[in-house]
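Remarks on the structure that follows.
The values are calculated or read from the model by the stated rules, or taken from the named source; none is laboratory data. Here the structure is a predicted model, which means the values were calculated and not measured. Note that each Cβ is placed from the backbone with ideal geometry, even for glycine, and that neighbours are counted across all protein chains shown.
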Amino acid sequence: MQRTARSLGLLLTILSLVAVPASAQDAVAGTWLMTMSSPEIGTVESEFVFEQDGSEVTGTAELQLVDDVEISDGLYEDGVLSFLMHVSMEGQWFTVEMEADVDGDEMAGEAYVPEMGAGMPFTAKRHGN
């Protein structure tokens, strides 16, 4: 009986360790509605769709006031999502460095534009997942 209880305890411990990476893998996957505000542009809402494979993150975005968007270098580690967003506006491309702390279905962070030397805070909520 003791051997069975010990074996069951060991099995439960192993299963709990295996389950942690699986839940962490989907930490940012899904559709996110992002809100960004600044005095220059007002409030802008955007939709991001992220896919995640381990710590690597890829995705797409639909932004107001923007002609085209490409996402690269996505990474999710230790509760922090970071990626580069390459944006075309009025024929010019620029890069936005995005970084956010993720807490369940919410995130808060900053979008930083090196060419302008400016950052804008943003929040996002996972939608419909």
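Within the stretch 70-91, the set of residues being buried (at least 16 other Cβ atoms within 10 Å of the Cβ) and under 20 Å from GLY42 (Cα atoms) comprises MET85, VAL87. Taking the criterion of being among the acidic types (Asp, Glu), outside any loop (DSSP other than H, G, I, E, B) and either farther than 16 Å from GLU51 by Cβ or at pLDDT 95 or above (or both), the residues of the stretch 68-96 that qualify are ASP68, ASP73, GLU77. Checking every residue in the stretch 30-51 against the condition of being modelled with pLDDT under 75 and surrounded by 15 or more Cβ atoms within 10 Å (Cβ to Cβ) gives zero matches.
Scanning the stretch 97-119 for residues that are at pLDDT below 90 and at negative phi yields a count of 6.
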